[in-house]
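Following: one structure in structure tokens, then a few remarks.
The values are calculated or read from the model by the stated rules, or taken from the named source; none is laboratory data. No experiment lies behind these values; they were computed from the predicted model shown. Here Cβ is always computed from backbone atoms with ideal geometry, including for glycine, and neighbour counts include all displayed protein chains.
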Amino acid sequence: MQSVVDDWIESYKQDRDIALLDLINFFIQCSGCRGTVRIEMFRNMQNAEIIRKRTEEFDEDSGDYPLTMPGPQWKKFCSNVCEFIGVLIQQCQYSIIYDEYMVDTVISLLTGLSDSQVRAFRHTSTLAAMKLMTALVNVALNLSIHQDNTQRQYEAERNKMIGKRANERLELLLQKRKEFQENQDEIENMMNSIFKGIFVHRYSDAIAEIRAICIEEIGVWMKRYSDAFLNESYLKYVGWTLHDRQGEVRLKCLKALQSLYTNRELFPKLELFTNRFKDRIVSMTLDKEYDVAVEAI
């Protein structure tokens, strides 16, 4: 996977439009669509128009598409798609990610696809977008740690140093901290675009698998980067989904919460949520779905 991503990055450095076109066609073909986006379409058409054209060519009669196909090879395919997105962002996190083109183009395409009437487009793009968000959360967390470390270094240096060289060192640390903050702001804008443009609409999608993907990933964000995500603004979506009509989605909610409640340090941040939703969680110990009832206990 590493070499695939490295090759793509090299291609992006040579011609970013051609490389992005490959990425766009990758997402469209992962949905089971046989049509491709051509370079002139990419350069001259809006995303909505491109998606409309691909939708017209899409054969939904078969009902199946890669994410719903049975068998181990399709499960492996799904896992490879998710891994690819994670490795791509990890490899781009020190340069390309901030060029205001690559990630913006991908988010824009996935947002358009996630609003499609075609279930295969909606399902595949939501999975890709949620995994993209998780990868960006990892980048944001690293930046936050770097910022804190730089701040500590700055304060330590300021307390012990005097003279011209001290000022140069402090200037350098200030500049470093400023860069981390600017990068953090950019990543937060990207995450906001995905959250408001995709998550908020798809966590209540008509398709249970799509709702389940959203809830599983928000659980990951809250656990991994609790300072940013473990608050009422995000927890409420898990709370509301405890009432989902499908057992598999209710189960994802409980599993997300279980991984948070196992960390005692997070208890204070969960207090308000617990008071608000504890009656619902207790009632789920009698859930008609056995797995849900067991998880609730």
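The table that follows gives values for the structure above.
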read-out: Helices (runs of 4 or more DSSP H) lying entirely in region 215-297 (those with 1 or more residues that are farther than 21 Å from Lys196 by Cβ); value: 247-261, 267-283, 290-296
read-out: Residue within region 249-267 that is more than 30 Å from Ser31 (Cα to Cα) and crowded, with 19+ Cβ neighbours inside 10 Å present; value: yes
read-out: Filtered residue count, region 165-210, keeping only those that are over 13 Å from the mean Cα position of the chain (by Cα) and β-branched (Val, Ile, Thr); value: 2
read-out: Residues located in region 92-148, provided they are among the charged types (D, E, K, R) and either outside the structural domain of Ile9 (by TED's automatic domain parsing) or over 19 Å from Trp8 (Cβ atoms) (or both); value: Asp115, Arg119, Arg122, Asp148
read-out: Cβ pairs under 6 Å, 6+ apart, first in region 97-109 and closer than 23 Å to Gln29 by Cα, second small (Gly, Ala, Ser); value: Ile107/Ser193
read-out: Residue list for region 205-227, restricted to those being among the small types (Gly, Ala, Ser) and crowded, with 17+ Cβ neighbours inside 10 Å; value: Ala212, Gly219, Ser226
read-out: Close pairs from region 68-84: first touching a residue at least 24 places away in the same chain (Cβ under 8 Å) and assigned by TED's automatic domain parsing to the domain that holds Val118, partner surrounded by 15 or more Cβ atoms within 10 Å (Cβ to Cβ) and acidic (Asp, Glu), Cβ under 8 Å, at least 6 apart; value: Thr68/Glu209
read-out: Tally of residues being assigned to a loop (DSSP other than H, G, I, E, B) and of a type in the set (Lys, Arg) across region 45-103; value: 0
read-out: Residue in region 177-194 that is part of a loop (DSSP other than H, G, I, E, B) and free of Cβ contacts under 8 Å to residues at least 12 places away in the same chain present; value: no
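For (1) under 23 Å from the mean Cα position of the chain (by Cα); (2) closer than 24 Å to Asp227 by Cβ, each residue gets a yes or a no:
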site	(1), (2)
Lys255	yes, yes
Leu260	yes, yes
Glu265	no, yes
Pro268	no, yes
Tyr290	no, no
